[in-house]
Amino acid sequence: MAKQIQAIRGMNDCLPADTAKWQQVETTLRQLVASFGYQEIRTPIVEMTNLFTRGIGEVTDIVEKEMYTFEDRNGDYLSLRPEGTASTVRAGNQHGLLYNQEQRLWYMGPMFRHERPQKGRYRQFHQFGVEVYGLAGPDIDAEVLLMSAALWQQLGLSEHVRLELNTIGNADERAAYRAALVEFLLQHEAQLDEDSKRRMHTNPLRVLDSKDQGVQALLADAPVLTDYLNEESEQHFKTLCELLHAAGIEYTVNPRLVRGLDYYNRTVFEWVTDSLGSQGTVLAGGRYDSLVGQLGGKDTPAVGFAMGIERLVLLLDTLGKFDQLPRQADVYLCAMGDAAVAAGLQLAQELRQTVTGLKVLSHCGGGNFKKQMKRADKSGAEWALILGEDELQQGLVTVKPLRGGEQRQLSKDALIEELAALVQL
């Protein structure tokens, strides 16, 4: 026997028992963004590598250690996309969607990062994101946060997540703060872990995000970025906070919050949860007004967020939020005898075409009545529809409830009427 081929580590199959959960989440996401008037954009999985080195930043962990990059036959360096924002900007620039225009977009699809797989975080993961271009005010920042808050409410997660918010100013303000932070870190270099020592010279703001407890204790005395903001940046953040307060959105200002990608400015935020063990981020984003220009377009204000669907599904599963999953079939059609098999296939197709949304699973492969009924019950269907010689002669269908109730015989028209009512339940 040939050796079985296994999936690549960190790239997981989604089996039928789980896809129903994913579909439920994806349907909620699509309905949510549609209610806000956002439009879907789909970009390629493979992009030119320099799209990400220019957009994400060459000294970020993603570009330095995590991207799947290869040289193709033409000598071009290509990468599997590690995130969705850079690709969305590239598409917007290429197709003329962004300059002097307002765009409210969303995307959903697989991303790839070569990092250590762990629960809820994989090398191929699926990301949902929202991107808004052409709007510079704090009101659109508030809208994307209201959208994310609405998602938690619809999924029953509002009590299990909390919003952390910060402002990191513009490039000039961050440069001044960066100099002060580096000076502070150099004075305490001996107390830094190796990762923070490296980041101090490449991307010092990421030291603020260190998971090392000793470094976090040291940072209590570090300079604070908000002390370096100008009046315009302060007013932007103040107005955003006022809008969130007026909308009833609770938040905590976290002055140490930074995002891992270089393109962020001003507003940054994370929705975090403690329901997966240690604190974990389930949705994050912010403003990135310079990214469009960095990728060859005209300067365009932008804001958005992204979330990993694996982690969201894991959170919902952990909290038992998937009680009402859709069933595989509404009815299971059993047929006894060759003539009944042919008639049953025709009846099943007519029911699908006549009753919108009805899921009909036809028994195939033969077998006695007991075997067919066992499969009907396993399918999760509400009813078994039975066709045999007697039913064919009388022009009737035997309807056997599988979850309690009395067995009956119905004409095809009466059956269609009752199935239409079943679908509405």
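The values are calculated or read from the model by the stated rules, or taken from the named source; none is laboratory data. This one's a predicted model, so the numbers in the text were calculated from it and none came from an experiment. Cβ: placed from backbone, ideal geometry, glycine included. Neighbour counts: every protein chain shown. Accessible surface is based on the protein model in full, side chains and every heavy atom, while ligands, DNA and RNA are left aside. Shrake-Rupley method; radii C 1.70, N 1.55, O 1.52, S 1.80 Å.
For Lys374, the aspartates and glutamates whose Cα comes closer than 19 Å to its Cα, not counting residues fewer than 8 places off in the same chain, are Asp330, Glu382, Glu406. Once Lys and Arg get +1 and Asp and Glu get -1 on their Cβ, which of Phe237, Thr398, Gly366 lies farthest toward the positive end of the dipole of the chain? Positive-end residue among those listed: Gly366.
Find the relative contact order for the stretch 92-239 and round it to a whole percent, using C-alpha pairs within less than 8 Å whose residues are 6+ positions apart. Don't jump to the answer; show the numbers that get you there.
Working: 117 pairs, mean separation 28.4, N = 148.
Value for the stretch 92-239: 19 percent.
Taken about its Cα centre, the stretch 226-343 carries a charge dipole of about 120 debye when Lys and Arg each add +1 at the Cβ and Asp and Glu each add -1 at the Cβ. With R₀ fixed at 30 Å, the C-beta to C-beta distance from Lys378 to Gln153 puts the FRET efficiency at about 0.30. Projecting the Cα atoms of Trp152, Ser196, Phe128 onto the charge dipole of the stretch 104-262 (Cβ charges, centred on the Cα centre) puts Phe128 farthest toward the positive pole.
Using Cα atoms only, what is the angle between the long axis of helix 138-155 and the major principal axis of the chain, expressed in degrees (0 to 90) to the nearest 10? Relative to the chain, helix 138-155 is tipped by roughly 40 degrees.
If only the Cβ of Lys and Arg carry +1 and only the Cβ of Asp and Glu carry -1, the dipole of the stretch 104-218 around its Cα centre is close to 560 debye. Starting from the Cα-Cα distance between Asp72 and Thr318, subtract it from 0.36 nm times their residue separation and give me the gain in nm to one decimal. Full extension from Asp72 to Thr318 adds 84.4 nm.
Please give the length that would be gained between Gln101 and Thr354 if that part of the chain were fully extended, namely 0.36 nm times their separation in residues minus their C-alpha to C-alpha distance (nm, one decimal).
Details: separation 253, 0.36 × 253 = 91.08 nm, distance 4.45 nm.
Result: 86.6 nm gained on full extension.
Between Leu98, Leu257, Gln39, the Cα set farthest toward the positive side of the dipole of the chain (charges on each charged residue's Cβ, about the Cα centre) is that of Gln39. Between 0 and 90 degrees, rounded to the nearest ten: what's the tilt of helix 231-246 against the longest Cα principal axis of the chain? Orientation of helix 231-246: about 30 degrees from the principal axis.
With a cut-off of 17 Å on the backbone N, the residues of the stretch 326-349 near the modelled label site 7 Å out from Leu422 along Cα-Cβ are 326-336, 344-349.
Between the stretch 202-264 and the stretch 151-186, what is the C-alpha centre distance in whole Å? Taking the Cα centre of each part, the stretch 202-264 and the stretch 151-186 sit 3 Å apart.
Taking all protein chains as present, what is the carbon and sulfur share of the accessible area of the chain, in % to the nearest whole number, probe 1.4 Å? Don't skip to the end; give the middle numbers.
On the way: 10350 of 21570 Å².
The value for the chain is 48 percent carbon and sulfur by accessible area.
Taking the chain as a Gaussian network of alpha-carbon nodes connected by springs under 10 Å, the highest mean-square fluctuation of the residues Phe305, Phe322, Phe36 belongs to Phe36. Quick one: among Glu189, Glu391, Glu173, which has the greatest mean-square fluctuation in a GNM of the chain with alpha-carbon springs under 10 angstrom? Fluctuation is largest for Glu391. A simple rule links phi to the HN-Hα coupling: the Karplus curve 6.51 cos²θ - 1.76 cosθ + 1.60 with θ = phi - 60°, which for the stretch 90-107 gives 4, 5, x, 5, 5, 9, x, 8, 10, 5, 6, 10, 10, 10, 10, 10, 9, 9 Hz, with x for Gly and Pro. Segment Asp413..Ala136, full-extension length gain: 93.8 nm, with 0.36 nm per residue of separation and the alpha-carbon distance subtracted.
Quick check on the stretch 71-133: take the gyration tensor over C-alpha atoms, sort the square-rooted eigenvalues as a ≥ b ≥ c, and tell me if it's rounded (a/c under 1.5), prolate or oblate. Could you put the intermediate results ahead of the total?
Numbers: a/c = 3.96, a/b = 1.34, b/c = 2.95.
Oblate, since a/c reaches 1.5 and b/c is not below a/b.
So if we plug the beta-carbon distance of Glu115 and Cys364 into 1/(1 + (r/R0)^6) with R0 = 51 Å, what FRET efficiency do we get, rounded to 0.05? Don't skip to the end; give the middle numbers.
Details: r = 44 Å, r/R0 = 0.86.
With R0 = 51 Å, the Cβ-Cβ based efficiency is 0.70.
What does the C-alpha gyration tensor say about the overall shape of the chain? Classify as rounded when a/c is under 1.5, otherwise prolate if a/b is larger than b/c, or oblate. Before the final figure, lay out the partial values.
Values: a/c = 2.48, a/b = 2.26, b/c = 1.10.
The shape class here is prolate.
Quick check: Cα centre of the stretch 286-321 to Cα centre of the stretch 9-32, how many Å? Cα centroid of the stretch 286-321 versus Cα centroid of the stretch 9-32: 18 Å apart. Of all lysines in the structure, those lying under 22 Å Cα to Cα from Lys21, and not within fewer than 8 positions of it along the same chain, are Lys119, Lys321, Lys359, Lys378. Extending 7 Å from the Cα toward the beta-carbon at both Ser275 and Val182 defines two label points whose distance is 4.3 nm. Per residue, the chain exposes an accessible area of 51 Å² to a 1.4 Å probe, with every protein chain left in place.
Summing +1 for each Lys or Arg and -1 for each Asp or Glu, what net charge is found among the other residues whose Cβ lies under 15 Å from the Cβ of Gln235? Could the numbers behind the result be given before it?
Details: positive: Lys238, Arg266, Arg287; negative: Asp139, Asp141, Glu173, Glu231, Glu232, Glu234, Glu242.
In short, -4.
Across the chain, the mean sequence separation of Cα contacts (distance under 8 Å, 6 or more residues apart), normalised by length, yields a relative contact order of 15 percent. For the chain, a simple Cβ point-charge model (Lys and Arg +1, Asp and Glu -1, everything else neutral) yields a dipole of about 1440 debye relative to the Cα centre. Calculate the length of the line joining the C-alpha centroid of the stretch 64-118 to that of the stretch 345-362, in whole Å. Cα centroid to Cα centroid, the span is 42 Å.
Under a Gaussian network description of the chain, with springs only between Cα atoms under 10 Å, the residue in Asn368, Asn170, Asn254 that fluctuates furthest is Asn368. Counting only heavy atoms of the protein chains and using a 1.4 Å probe, Phe237 has close to 30 Å² of accessible surface.
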